[in-house]
Amino acid sequence: MRFHLIDKLLSYSKWKEALALKNVTYGNPEFINDSHYMDDTLFLESIFQCAAWLIVISSDQKLRPTIVTAEGYQIFEQVCPGEQLKIKVDIQDYNEEYATIRGDVYKKDKLCASLKNAILKLVDTSDLEDPELTKKYIEYLTQIKGDVGI
């Protein structure tokens, strides 16, 4: 992953689900629109990045997803800098070539965005990345501290 949007992977169950954390800050001004909200497209990107890390970890760094389709994407609530998001992704189905996911983004216990269905093509990562660098980033992402419930 070259562009790291999520800050921590709070929990995961291989090939099933993951919960990630995103702290919305002014540290990346390109993430904030003219109305001082996190750009809507980043909700969707955070769902896909959470799913990508889940797949990379579940496949022992052998697979990475690419987006084929995304359906039923809705925004319910805007988010400002200083707020924290939790991203929940569920793998609905998968095989050696494709995975189907759904995902939700929460601010505290309030639903901010939802993706009902996305199909991801699973690609071999052998020529895409440095496995040691990816492993180090996975270790960083999965350092869990404190209460992380939704």
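Here, each number is a calculation from the coordinates, and none is a lab measurement. Please read all numbers here as calculations on a predicted model, not as lab measurements. Neighbour counts are summed over all protein chains in view; Cβ atoms, including those assigned to glycine, are modelled from backbone coordinates with ideal geometry.
With contacts taken as Cα pairs under 8 Å at a separation of at least 6 residues, the stretch 8-141 carries a relative contact order of 28 percent.
So, by mean Cβ neighbours within 10 angstrom, what's the order for 75-81, 92-98, 33-39 with the highest one leading?
75-81, 33-39, 92-98
For CYS112, nonlocal amide neighbours, meaning residues 5 or more places apart or on other chains whose placed amide H falls under 5 Å from its own, are VAL105, TYR106, LYS107. For the stretch 93-115, the residues whose backbone nitrogen is under 20 Å from a point 7 Å from the Cα of GLN74, taken along Cα to Cβ, are 101-115.
Candidate cross-link partners of LYS136 among the aspartates and glutamates, defined by an alpha-carbon separation under 17 Å and a same-chain spacing of 8 or more, comprise ASP7, ASP60. For the stretch 85-97, backbone phi angles converted through the Karplus equation (6.51, -1.76, 1.60; θ = phi - 60°) give residue-by-residue couplings of 10, 10, 10, 10, 10, 10, 8, 7, 6, 7, 9, 5, 10 Hz, Gly and Pro being listed as x. Considering only LEU21, ASN33, TYR137, and ranking their Cα positions along the charge dipole of the chain that arises from unit charges at the beta-carbon of Lys, Arg, Asp and Glu, the one farthest toward the positive end is LEU21. Is any residue of the stretch 5-34 close enough, with backbone N under 20 Å, to a label point placed 7 angstrom from the Cα of TYR137 along the Cα-Cβ axis, and if so, which? The answer is 5-15, 18-25, 27-31. The amide H of GLU17, built 1.01 Å from its N in the peptide plane, has ILE91 as neighbours under 5 Å, considering only residues 5 or more places off or on other chains.
Extension gain for the segment LYS110 to TRP15, taken as residue separation times 0.36 nm less the Cα-Cα distance, is 31.6 nm to one decimal.
Given the stretch 8-141, report the % of alpha carbon pairs whose separation exceeds 18 Å.
Result: 54 percent of Cα pairs exceed 18 Å.
Each of TRP53, TRP15 was scored by other Cβ atoms within 10 Å of its Cβ. Listed from fewest to most, they are TRP15, TRP53. Less than 5 angstrom separates the built amide H of CYS80 from those of MET38, all sequence-distant by 5 or more or on a different chain. Relative to the longest principal axis of the Cα atoms of the chain, the long axis of helix 131-141 makes an angle of roughly 40 degrees.
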